[in-house]
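**Q** I have a structure I would like to understand better, so I am pasting it below and will then ask my questions one at a time.
The values are calculated or read from the model by the stated rules, or taken from the named source; none is laboratory data. Since the model is a prediction, treat every value here as computed from it, not as a measurement. Reconstructed Cβ throughout: ideal geometry from the backbone, glycine too, with neighbour counts over all protein chains shown. The accessibility values were calculated without ligands, DNA or RNA, using every heavy atom of the protein model including side chains. Shrake-Rupley method; radii C 1.70, N 1.55, O 1.52, S 1.80 Å.
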Amino acid sequence: VRHIFNENRYHSRARGDVFLNGIITNRGAFVVTMGDEIDPLGGVEIQSYDPRCIMLPPDAKSYDTKDWPEVFTVEPWTYAEIEDTFGEAKADECFGEINADEDFSRAGSFAHAQGVDDAGMGEDSQEENDNEFRDVYVHEFRSTRKVWRFLDVATQDVFDIPVDEMKKDEAMQIARETGTIVQQRSAPGVYFRQFCGDTLLREGWSQIQDFTVVPYFPYFVMGEVL
């Protein structure tokens, strides 16, 4: 844990940024993901996140995200960023879709919709920006899937492997070799969809068992940020 904090400059940068956001705007947030920017071999990455770009679920009654059914995050992406990550076809789809009634193509528009945008960052100032982009959303929600559960009776260690990644014969063979008990069960997990307008960019099961958003609220009472 100390190594992860040090690598992410948690105490010297991220924690202070989130605390300051929380004191000023009543909400702050970290985003915790697995990536290779800090460690080329992969590792935990912790970053402070703009709290204006997070939509809290309306029925979130607890501070703990384990009690949240879902969460949305959004970031403005340019054509080049979408093309580099998802390909030219996806970028063309994203920038070819314009909804005249509700255009979320400008930076800060999501914040306007949430009513937490700064006074000096209105739509007029964004319309003058020549760098065109689209809002890319990530919807994380809880669901269940079938898994093979391997239980070590001696140590009580348990680990799950999704059924679609391993056949039954392979699971039984591993159980015999490791001296574990294998069961098939429904296990909770976090599923995500990343999209821009009506264009689905990617979807799948999260590598971690909780949301990537870690909130900080000075006061959180019955789902209300005070």
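**Q** Leaving out ligands, DNA and RNA, and with a 1.4 Å probe, what % of the accessible surface on the stretch 184-226 is carbon or sulfur?
**A** Roughly 52 percent of what the probe reaches on the stretch 184-226 is carbon or sulfur.
**Q** Let me ask something else. Highest mean first, what order results for 209-215, 192-198 on Cβ atoms within 10 Å?
**A** In descending order of packing, they fall as 209-215, 192-198.
**Q** Still on this structure, I have one more. Can you bin every Cα-Cα distance in the stretch 14-61 into 10 Å intervals starting at zero and give me the percent of pairs per bin, rounded to whole numbers?
**A** Over the stretch 14-61, the share of Cα pairs per 10 Å bin runs 25, 39, 28, 7 percent.
**Q** Related question: What number does the stretch 1-88 give for Rg over Rh if you use C-alpha atoms and the Kirkwood radius?
**A** Values: Rg = 15.3 Å, Rh = 15.1 Å.
Rg divided by Rh gives 1.01.
**Q** Sort His139, His3 from largest to smallest accessible area, using a 1.4 Å probe on the heavy atoms of the protein chains.
**A** Working: His139 35, His3 125 Å².
From most exposed to least exposed: His3, His139.
**Q** How large is the dipole of the stretch 8-59 about the Cα centre if only Lys and Arg carry +1 and Asp and Glu carry -1, each at its Cβ, rounded to the nearest 20 debye? Kindly include the intermediate steps, with their values, before the conclusion.
**A** On the way: 5 positive and 7 negative charges, 62 e Å.
So the magnitude is around 300 debye.
**Q** State the percentage of accessible surface on the stretch 13-89 attributable to carbon and sulfur atoms; use a 1.4 Å probe and exclude ligands, DNA and RNA.
**A** 54 percent
**Q** Right, something else. Just check the stretch 152-226 against the gyration tensor rule for me: Cα atoms, a ≥ b ≥ c as the square roots of the eigenvalues, rounded for a/c under 1.5, and otherwise prolate or oblate depending on whether a/b exceeds b/c.
**A** Oblate, since a/c reaches 1.5 and b/c is not below a/b.
**Q** Straight distance only, please: which lysines reach the Cα of Lys167 with their own Cα at less than 16 Å, same-chain residues fewer than 8 apart left out?
**A** Hits, sequence-local ones excluded: Lys146.
**Q** With a point put 7 Å past each Cα toward its Cβ, work out how far Glu165 is from Asp17 in nm, to one decimal.
**A** Here the answer is 3.0 nm between the modelled labels.
**Q** Over the stretch 1-70, give the accessible area per residue in Å² for a 1.4 Å probe, as an integer.
**A** 64 Å²
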